[in-house]
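Right, one structure below, let's go through it.
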Amino acid sequence: MRDIARATSPVEVDRAGNKAMDRFDALLLIGEIDLAQAGDWAMQACHKATDMLLLIREADKGAAEAGDAQGGD
């Protein structure tokens, strides 16, 4: 998971979240899922995106600390 976080920018995470929401909307419109199911999926996607962003922040902080330890800017 940490490798994925390092390779994924916050913009990509946001884009993936928006794409997922578009799919939920489409499924709701055609009646394939109900609102409760869509809400549950949206909440799961939100939690996963939040976890990913926290991992990215942790990786960035670790990289900054490693740079400081090596005398970097």
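Remarks
- Candidates are the residues of the range 25-34 that are over 22 Å from the mean Cα position of the chain (by Cα) and part of a helix (DSSP H, G or I); the one that is surrounded by the fewest Cβ atoms within 10 Å (Cβ to Cβ) is Leu29.
- In this entry, Asp51 is excluded by the filter for residues that are out of contact with any Gly (no Cβ under 8 Å at 6 or more places or on another chain), among the charged types (D, E, K, R) and exposed (fewer than 11 other Cβ atoms within 10 Å of the Cβ).
Quick note: the coordinates plus some simple rules give every number you see, no bench work behind them. All values reported here derive from a predicted model rather than from experimental measurement. Glycine also receives a Cβ, built like all others from the backbone with ideal geometry; neighbour counts cover every protein chain displayed.
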